[in-house]
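Please treat every number below as a calculation from the coordinates, not as lab data. Not measured: the values here are computed from a predicted model. Every residue, glycine among them, receives a Cβ derived from its backbone with ideal geometry; neighbour counts consider all protein chains shown.
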């Protein structure tokens, strides 16, 4: 097993092209610009590689947008209930989140390139087959398979990216910022009509909440089971010889704090994005095209922020960047929290949309780079699996908590439709982001991309290497 991991790490790492100068003591010198990896003969080939990996993360949002954009027509054609309609996207998200860690480990052990190519081919075939679904059950099952393929695509893509750009450099920052831009790029082909259709579906499902709220028997039972399963997983990882998620990495102060800050931000970001779309539909009575125009600036700004982040990660203190991201979140949610029913788009919604992606994409880039640098080249896919699992988990938790707040407030202001239930979700999101902003003060991270000190960590293989890595934390930036 150890040999398999070491071999995969060696095969996946491309040494940089030496474009002049003595590099014999390269690990001791700052790396500012970075060199084209030797496995790329031209810059065009390198760009094609980065674009291909970017599509790996973009295909998940692409499927969501493609699917939800025509959900109403699908539900009508297949006579689907609201639960069956919701499961089209929920099934893909659930299966994807459940298998990210496993596929990340699998990619590191048995090869990233083959897994990436096969998964993309299977993804294409399954999406095509799902398009010919004769009934609701068939479609929901294949939606789950789509999520499975999505989970199999992302870890090898980000793992290969991390192994190819092994040394911290500006070039690596730009490559990873392009990868992060895959999320907003995936939504562009469908416009922002996506959010409007999500709102329609969720509006139906909100009416079917548990009869006694959190006191309902099956709600309590499932919560207890969920907590027990998480505890069992953590115990298993603590005793496993080859863990899916090495628990020692959470002892890294900055690693834990960065992921906590990112998670708190995403809990608010995903929730506010949803509730804002629902507000535009139910309170503002906008149609699909109008909602698309209202939300489109968020997508465009998201791409711009990713580009800028790739250019400044190695120059600007990343603690400062995390602070900017957290404060952008707080400002976004507070602006929406004070919004009134007659509020204008340019005074409230537009600045909130701009600030939301500043927070999301700056934090995403900083944390992504740190997480990928926390594990060695042979475990880059696993690092990507850990990171993407965390973001998906926090998004779902945030949406669940804000849904509970929304439902409790909606019962008080059921008729006529009021903006107050929406404001309550914004306030909760502001609380999440404010806690993240407080945690920024405890960070000790500097810049990323101008030092090679973080690459000295050895592959984590079994208990012996794990102990040696624990003892060798002095190589951390």
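Within segment 313-358, work out how many residues are without any contact (Cβ under 8 Å) to a residue 12 or more places away in the chain and more than 22 Å from residue 264 (Cα to Cα).
The number of residues fulfilling the criteria is 5.
If we keep just the residues of segment 223-255 that are over 23 Å from the mean Cα position of the chain (by Cα) and in a loop (DSSP other than H, G, I, E, B), which is farthest from residue 436 (Cα to Cα)?
Residue satisfying both the conditions and the ranking: 241.
Would you confirm, using the coordinates I've provided, whether residue 408 is outside any helix (DSSP H, G or I) and out of contact with any helix residue (DSSP H, G or I) (no Cβ under 7 Å at 6 or more places or on another chain)? Lay out the reasoning, then the answer.
Details: outside any helix (DSSP H, G or I): no; out of contact with any helix residue (DSSP H, G or I) (no Cβ under 7 Å at 6 or more places or on another chain): yes.
So residue 408 fails the test.
Report, by residue number, each residue of segment 256-287 that is assigned to a helix (DSSP H, G or I) and surrounded by fewer than 19 Cβ atoms within 10 Å (Cβ to Cβ).
Step one: list which residues in segment 256-287 are assigned to a helix (DSSP H, G or I), which gives 256-282.
Once the filter is applied, which keeps residues that are assigned to a helix (DSSP H, G or I) and surrounded by fewer than 19 Cβ atoms within 10 Å (Cβ to Cβ), segment 256-287 yields 256, 260, 282.
Report whether or not residue 331 is surrounded by fewer than 21 Cβ atoms within 10 Å (Cβ to Cβ) and part of a helix (DSSP H, G or I).
Values: surrounded by fewer than 21 Cβ atoms within 10 Å (Cβ to Cβ): yes; part of a helix (DSSP H, G or I): yes.
For residue 331, the condition - surrounded by fewer than 21 Cβ atoms within 10 Å (Cβ to Cβ) and part of a helix (DSSP H, G or I) - is met.
If you go through segment 377-392 one residue at a time, do you hit one that is surrounded by fewer than 18 Cβ atoms within 10 Å (Cβ to Cβ) and either at negative phi or out of contact with any helix residue (DSSP H, G or I) (no Cβ under 8 Å at 6 or more places or on another chain) (or both)?
Going through segment 377-392, the residues surrounded by fewer than 18 Cβ atoms within 10 Å (Cβ to Cβ) turn out to be none.
No, there is no match, as no residue in segment 377-392 is surrounded by fewer than 18 Cβ atoms within 10 Å (Cβ to Cβ) and either at negative phi or out of contact with any helix residue (DSSP H, G or I) (no Cβ under 8 Å at 6 or more places or on another chain) (or both).
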